[in-house]
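Quick notes on the structure that follows.
The values are calculated or read from the model by the stated rules, or taken from the named source; none is laboratory data. Just so we're clear, the structure is a prediction, and the values are computed from it rather than from any experiment. Backbone-built Cβ (ideal geometry, glycine too); neighbour counts: all protein chains shown.
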Amino acid sequence: MHGSAPNIAGKGIANPLGSVLTAGMLLEFLGWKAEAQVVHGAVKEALLKNYLTPELGGTKKTAEVGDWIAERVSQIGTT
């Protein structure tokens, strides 16, 4: 992760997957391996289903991708 990307601020085109994966890495570091796997699995599913922001070939906004991943984590985590 680097930079604040002021040139794209407020446009809804920033890719949130790096931040999400970083959170997954933190969970793993803290010893929460199962939870980290859920986060990584949700990101993998987003990639496979093309639920992505434009720079990765998708059509979704930043918040849409983030919300979708949060919902998947919630669903996977309760099964």
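Any residue in the stretch 27-43 that is farther than 20 Å from Trp68 by Cα and charged (D, E, K, R) sitting within a Cβ distance under 6 Å of a residue that is at pLDDT 95 or above and not in a loop (DSSP other than H, G, I, E, B)? List the pairs, counting only those 6 or more apart or interchain.
Glu28/Ala36
Given the conditions (1) crowded, with 16+ Cβ neighbours inside 10 Å; (2) under 12 Å from the mean Cα position of the chain (by Cα); (3) not acidic (Asp, Glu), and given that Thr22 satisfies all but one, which numbered condition is not satisfied?
Tallying (1) crowded, with 16+ Cβ neighbours inside 10 Å; (2) under 12 Å from the mean Cα position of the chain (by Cα); (3) not acidic (Asp, Glu), Thr22 fails exactly one: (1).
Among the residues of the stretch 48-65, which ones are of a type in the set (A, V, I, L, M, F, W, C) and loosely packed, with under 13 Cβ neighbours inside 10 Å?
Pass one, the stretch 48-65, residues of a type in the set (A, V, I, L, M, F, W, C): 48, 52, 56, 63, 65.
Result: Leu48, Ala63.
Can you pull out every residue in the stretch 41-64 that is over 10 Å from the mean Cα position of the chain (by Cα), of a type in the set (Val, Ile, Thr) and within 16 Å of Leu21 (Cα to Cα)?
Thr53
Given (1) surrounded by 15 or more Cβ atoms within 10 Å (Cβ to Cβ); (2) out of contact with any Leu (no Cβ under 6 Å at 6 or more places or on another chain); (3) in contact (Cβ under 8 Å) with a residue 24 or more places away in the chain, identify the lone condition not met by Trp68.
Unmet for Trp68, out of (1) surrounded by 15 or more Cβ atoms within 10 Å (Cβ to Cβ); (2) out of contact with any Leu (no Cβ under 6 Å at 6 or more places or on another chain); (3) in contact (Cβ under 8 Å) with a residue 24 or more places away in the chain: (3).
Filter the stretch 1-33 down to the residues that are part of a helix (DSSP H, G or I), at pLDDT 95 or above and among the small types (Gly, Ala, Ser) and list them by number.
Matches in the stretch 1-33: Ala23, Gly24.
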